[in-house]
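Since every read-out is calculated from the coordinates, none of them should be taken as a lab result. These figures come from a predicted structure and were not determined experimentally. Counting neighbours? That spans all protein chains shown, and the Cβs are built from the backbone with ideal geometry, glycine included.
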Amino acid sequence: MTQARSAKSFSHGVHPAEHKQASSALPVERMPFVSLYTLPLSMHLGAPSRPVVQAGDQVRRGQVLAEPSGFVSTTLHSPATGRVVSMDLARHPNGQYVPCMMIEADPFDTQQFEPAEPIDWRALPIDGFIEHVQRAGLVGMGGAAFPTHVKYKLPEGKRCQRLVINGCECEPFLTCDHRLMLERPAAVVRGAEIVASKLGADSATIGVELNKSDAIAAVRHELPADGPIAVQPLKVKYPQGAEKMLIKAMFGVEVPAGKLPLDVDIVVNNVSTMAAITDYFERGQPLVERIVTVAGPGVDRPANLVVPIGTPVREVLQYCKINHEARQVVMGGPMMGMPLASLDVPVLKGTSGLLAFTEAALNHPNEYACIQCGRCLEACGNLLNPSRLARLARAELYDELHQEHVLDCMECGACTFACPSGVPVVHLIRAAKATIRKRGSKDA
Amino acid sequence: MQDMLWIFISAMLINNFVLSYFLGLCPFFGVSNRLSTSLRLGVAVTLVMIVTSICASLLNTFVLPYAPYLQLISFIIVIASTVQFAEMIIKRFSPALFRALGIFLPLITTNCAILGLALFQTNRDYGFLQGLTFAVGAGAGFTLAIVLMASLRQEMRLSNIPSIVQGTAISMILAGLLSLAFMGFAGMFSAL
Amino acid sequence: MSEHVEVTISAGGKREEPGPMRLTLTLAIAGIIAGAALASVYEITRPIIEANNQRALRRAVLTVVPGSEKVQALAYRDGQLVAIERAADTTDPVVYGAFSDSGRFVGYAVDAEGPGFQDTIHLLFGYDPDTRTITGMQVLESRETPGLGDRIYKDPKFVAQFEALAVKPDVVLVKGGAKAGNEVDAITGATISSKAVVNIIKAGNAQWLDRLDTAATLQLLLEEQHTDVTPEADK
Amino acid sequence: MSRHESRLLVESGPFLRRELTTPGLMNEVTLALAPVILAAVWFFGIGALLIVIASVAGAVGTEWLFAPSRPRGASLRDGSAVLTGILLALTLPPAVPLWMAFVGGAVGVGLGKTVFGGLGQNLFNPALVGRAFLQAAFPTAMTTWSEPTGAGGLLSIRASNLALPLMSGTVDAVSTATPLGAMKFEHAETPISLLLRGDTAGSLGETSAIIIIVCGLVLALRGTFDWRIPLAMLLSVAVLAAVPWWIKPEAFPSPWFMLTSGGLLFGAVYMATDPVTSPTAPLGAWVFGLGIGLIVVLIRLWGGLAEGVMYAILLMNSAAPLIEQATQPRGFGRGRWAG
Amino acid sequence: MADSKSSQQIYDEFVKGVWKENPVFVQVLGMCPMLAVTNTAINALAMGGATLFVLLGSSVLVSLLRRFIPKQVRISTYILIIATFVTIVDFSLNAMAPVIHKELGAFIALIVVNCLILGRQEAFASRQPVHLAAADALGMGGGFTIALFCLGATREVLGFGELFGVPLFGEHFEPWVIMIMPPGGFIMLGLILLLLNWAQQRRGSRAATQAAGEQVSAHDALPIAPAHDSGHIEEVV
């Protein structure tokens, strides 16, 4: 009760049904290794990685397969011990065919990871630390998959005052971060300690929504006494997991439009990323696997699975017993996730969930005319007027869309969720943004 | 005073020049595509109306009693030169305003609201102050109507107007609805 | 200026660039011709228009002052009513005197206007200083709502109320049936228009009654002076 | 497994939607009108129901004939035409000829909505467009009010209701003053208790203040409409009416009377809250409601009409795009006001 | 030959104004008088006639004087000419038909600023010989009058239940008062324009289907045609 009162939040937003109870109580289990892994060279934002092995090479689990091809790029490691079968175009979850590396797992290998000596991160200079993070192949694991080390490169004159650890997991259905905080709270806290200390942050705050009170308790238990790390309970609201909303919720500070959290001296990381940092610096384990929540009415056995990166979605779903009612598979959360056109696509570093929906659960609303009821306005955390933007988008008035800050939209989908008329608001906005960007680049 | 208040309210709302007297329809339909330009036009029309009203008062007192047949011609000449003069003055003292108003000023010459103002003022035997009040009210009413119209039309770009209604037809109907709404002002301050 | 014109012409040697002199001349000629045309049309039409106006006025006065046959415009000047030929000729307030065929004074007709429901209502009402009553009312100009407000002149029952309406105490508008001699019953659904008519008459009374009552002593003088303005054609 | 593939549905997210739908909202309002219709029948007899039916028929028929939706009549599913018809009927006097109610419904939907492209595209409240059209077209019929018949006359139908199409109603309709008319022209203030109960002459829907208040509260609590608009409207009327009343109580009606008489409550709850024709942003809703209240007070106290709610709402409808533009949300990270 | 050609030209100019380029329905000019004085058919006709007279008079005069009016002052001269004719109409109407003159009020004087009239001088009369200018003025003025009459008659029939003051529907008809009031003017003109749009689109789509249909039938007829032709040739031979 007291927690609820002290809990903070941002303004506007929506409250979708949580649907988390199906998997939130299920301990994380390890998915068995499969025979073939597909690893796109670009599963992060930025330049694709450059391969350093060739078809036919034997690789070990955790071995570097591809090096970063620039600063905004990262390393790719083999998720399993085996052989590089080929390098070819294969289907990415976004529907495009992209260069991928196929790894055939060695069926006779134990696939055990040999822990290495811990790295003395305290002795590292900041540049060395950043290089290590890049070598670990870390990306933001909340979904956007932005290379983590880039966030740590503070521009001249900037400093990171506060480190924010994002444990909101505001998307319905997803429970991977919840389970992680519950089962490995120490790893999260130690990761936060490492990053906060290397960035010279005054404080590190872990923001967790109140629907995960057990996780809050578990993490609190691990906090070192009078350290700079704290846990901040937050009200349950979508899209609180969005960086800027989280900062607003926790500190009441608005990151100026078009700017980054760093402009208000804040760095935001996901809890999973923190655990991965710990794994790397303490055991030498790069990012080769992650926890994925498999849920939805289309699977009979929901689970929180540790899945090697590159595992085909089909294998994961089969493991969780996808049923015949399933009509739609979404990678990520139900609000911002990506619908899959094929199951022959791999789990990526940013894949937090695989959700299978049945016909019955799919809420296909009839589309009616927008009646400008303003419900999307009250949903929009970015304080835009989505109904107006959508209507402007339909009328193809791009200059005005630009003036009304359509590019500020983070496409969280709260507007579409809230719309009683079933208008695909965020879809229209997304298309308009793409057109404006295209026109902008043409002009330039 | 009561009289003045009614003249003002009547010219602006009850008998709005555009919505009730059908004066100044050309700019009302022609220049109400954008909000900013319509506001500027409204201000320009109001200014010209004020000057015209003053000139008409002077003409009515000193010239027309002797040559009533020159009424129309003298009003037209006054309006044309007022517009020309206003153009020169604005250009001289506020180039920014001139750039903003520039293209609209010549248009005002053929705006029947201005000539209508002078004629009505004459027909009703308004004195100098009454005429001035009338002009300010009429100008404010014109501005109000054209600004509302522009904002409504701007909003209409977001609607799927059926093709057979598009163009002048929908503008007419819109003006009709606006005129209907303005009927609510009838009798305001008239029978206190 | 004229030198400049010559230079232009000799230099160019062509008709295409007329100088300001020619422009002014053209406009001046056009203006003179237009003025002349207008003046002559005005002179031709003026008597007819004036006759029309007089006839309309006379008709209205005769309606609001029963029993009258002739009309005389009177200007109020220095506390006296002075006979004038046309109302437009003076800046003094004007009232109309109505006389019987034999030249006997019958009453006054007062021109008054004021705000109505929609626009200005312009009306004429008759006043008999002897009985101190209003003898009739006619709306000359109004834009009242058809079907409702226009009943101030279309509803004979309403108009009839002004045929013998006491002015002391002041005229009042009532609803649900007039009882006293100074009461006017409002038209159902057109209360504002009815009220406007009463207000206009009250304002006219306030402006004229005292003047007319004191000027009534001049009646004899008037009768002598009085000239009939009825156009010949109408007799 | 391949069975999944062939049937995989790829559509744009989000994949969760709120339960609320637009027809649901329309139906909620329609349902909330049922008590008002019942009250109208109670006070004015079964003729009231006929008026509602005629008006709905006009509205629905026009929507079916002229709405640009394909297939024909598809737009009827959103429930807005029925709502428009009912709303219009409830603003009509009890003695109005049925054919006029039909014409009003048709004009409201035709000129008020379909010419602009149908639901969501209109700029003026369709029901009020129909009402204002009737008021301007048939001023006499629209200002002929009759006393409530009470429970005894439940089966009564007024003769003028049954006038032949395009013909005027019989003259037997005895007109009586509405509370606002009595206030304006005779300065007689109807007791509040009567206004609350609804035993007064007036439009079908504007009789019982209590019923409308209760229905409005239910709708507001359910979040069916933006509660700010009616609240702002009522607040501004109360405050603006209180000032002259406080200064000169013998010349001006009390704020209580202003709030409970005429169509103010009905307009505040059912008309001004039409989302299409009101601003979307919360600040805009406040401005919109305050503006309506201001015009209502102006017209009622100093205008030529006894009641001004309809015109006030229509006028603010016309100003809604301006308000909307001025009260756009500021944008996250864009300072106090939109930059 | 030349004569018939020029009479054809005159006819074309006339028809153009009356129908094809009707100043009101097609060009949307002269809205102010169009709406202000069309509450009855007779007012509409009077206004149309007055406008027609002014247009005809100024067009003929401008066309006659077109060689003598310098370009720089032509607009002022036109306005002067128009204003003169308008004043003449104003006075004459006042003398001859005071009732109608009172109904039309200031709108007679406002013919001066009817953009239709100045527009015709600038666009046509100042460049064409007198007979064409006159035909154009008659056409445009006629078209304007017709449009005014349509609107005026519709509004009078609906708003009063009368046409030219003659009751049409018996005494129990309930007039639609709105039609003779300002909102009715706007709405009625809007509806007429809507109807014209509809008719035009209708015709357009019918023409399109017809064209398509003709193509199809031409295709169908193709195999038959040669046989037919050959038979014909034989006969000739």
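A few comments on the model shown:
- Each of B:Leu177, E:Leu163 has some number of other Cβ atoms within 10 Å of its Cβ, and from fewest to most they run E:Leu163, B:Leu177.
- Amide proton proximity set for C:Gly107, modelled H, under 5 Å, gap of 5+: C:Ala98
- Our coupling estimate for the range B:118-135, obtained by passing each phi through the Karplus curve with A = 6.51, B = -1.76, C = 1.60 and θ = phi - 60°, is 4, 5, 4, 4, 6, 4, 8, 6, 5, x, 4, 5, 4, x, 4, 4, 4, 5 Hz, Gly and Pro reported as x.
- If R0 equals 45 Å, the separation of the Cβ atoms of E:Met96 and B:Phe93 corresponds to a calculated FRET efficiency of about 0.35.
- Max mean-square fluctuation residue, GNM over chain E, Cα-Cα springs under 10 Å, options E:Ala147, E:Ala123, E:Ala134: E:Ala123
- Between C:Ala166 and E:Phe68, the C-beta separation translates, for a Förster distance of 60 Å, into a calculated FRET efficiency of about 0.30.
- Under a Gaussian network description of chain B, with springs only between Cα atoms under 10 Å, the residue in B:Gly127, B:Gly167, B:Gly42 that fluctuates furthest is B:Gly167.
- Helix-derived mean residue ellipticity, 222 nm - over chain E, DSSP H n ≥ 4, -39500 (n - 2.57), to 500: -23500 deg cm²/dmol
- Most mobile listed residue (D:Pro179, D:Pro94, D:Pro139) in chain D, GNM with C-alpha springs under 10 Å: D:Pro139
- The fewest-to-most ranking of A:Val188, A:Val288 by surrounding Cβ atoms within 10 Å reads A:Val288, A:Val188.
- Rounded, prolate or oblate (a/c below 1.5 giving rounded, otherwise prolate when a/b exceeds b/c) for the range A:20-127 by Cα gyration tensor: rounded
- Overall form of chain E per C-alpha gyration tensor (a/c, 1.5; a/b vs b/c): oblate
- Inter-centroid distance (Cα atoms) of the range B:105-132 relative to the range B:30-50, Å: 16
- For a straight C-alpha distance cut-off of 18 angstrom, the aspartates and glutamates reachable from C:Lys168 (same-chain residues fewer than eight places away being disregarded) are C:Asp128, C:Asp130, C:Glu183, C:Asp185, C:Asp210, C:Asp213.
- Virtual spin-label span in nm between D:Ala242 and C:Asp213, 7 Å along Cα→Cβ: 4.7
- Label zone at C:Ala37 (point 7 Å along Cα-to-Cβ), backbone N below 14 Å, the range E:31-67: E:53-66
- Efficiency of FRET between E:Gln210 and D:Glu19 - r from beta-carbon atoms, R0 45 angstrom, step 0.05: 0.30
- Entry note, chain D: the mean residue ellipticity at 222 nm calculated from DSSP H runs of n ≥ 4, each adding -39500 (n - 2.57), is -16500 deg cm²/dmol after division by the residues and rounding to the nearest 500.
- Computed on the Cα trace of the range D:23-176, the radius of gyration divided by the Kirkwood hydrodynamic radius gives Rg/Rh = 0.99.
- Label-zone membership for the range A:285-325, site A:Glu359, 7 angstrom Cα→C-beta point, backbone N under 17 Å: A:297-299, A:323-325
- Residues whose placed amide H lies under 5 Å from that of C:Leu140, excluding near-sequence neighbours: C:His122, C:Leu123, C:Leu124
- Global form of chain A, assessed from the alpha-carbon gyration tensor, a/c cut-off 1.5: rounded
- Cut-off of 10 Å, at most 10 other beta carbons, DSSP loop: longest stretch of chain D lacking such GluC sites (Glu not before Pro): D:20-249
- Pairwise centroid distance, computed over Cα atoms, of the range D:206-263 with the range A:176-190, Å: 56
- Taking Cβ atoms as reference points and 13 Å as the exclusive limit, the residues near A:Leu428 contribute a net charge of +2, counting Lys and Arg as +1 and Asp and Glu as -1.
- Dipole orientation for the protein assembly as shown: of the candidates A:Val426, C:Pro20, B:Tyr21, A:Val426 has the Cα lying most toward the positive pole (charges on Cβ; Lys, Arg +1; Asp, Glu -1).
- Per residue of chain A, the DSSP helices (runs of n ≥ 4 H) give a summed -39500 (n - 2.57) that works out to -8000 deg cm²/dmol at 222 nm.
- Per-residue Cβ neighbour rank within 10 angstrom, fewest leading, E:Trp19, A:Trp121: E:Trp19, A:Trp121
- Unsatisfied cross-links (Cα-Cα over 21 Å) in the set A:Lys153/A:Lys259; A:Lys212/A:Lys321; A:Lys158/A:Lys259: A:Lys212/A:Lys321
- Unit Cα scatterers, Debye sum, the protein assembly as shown: log10 I(q)/I(0) for q = 0.06, 0.07, 0.08 Å⁻¹: -0.74, -0.91, -1.06
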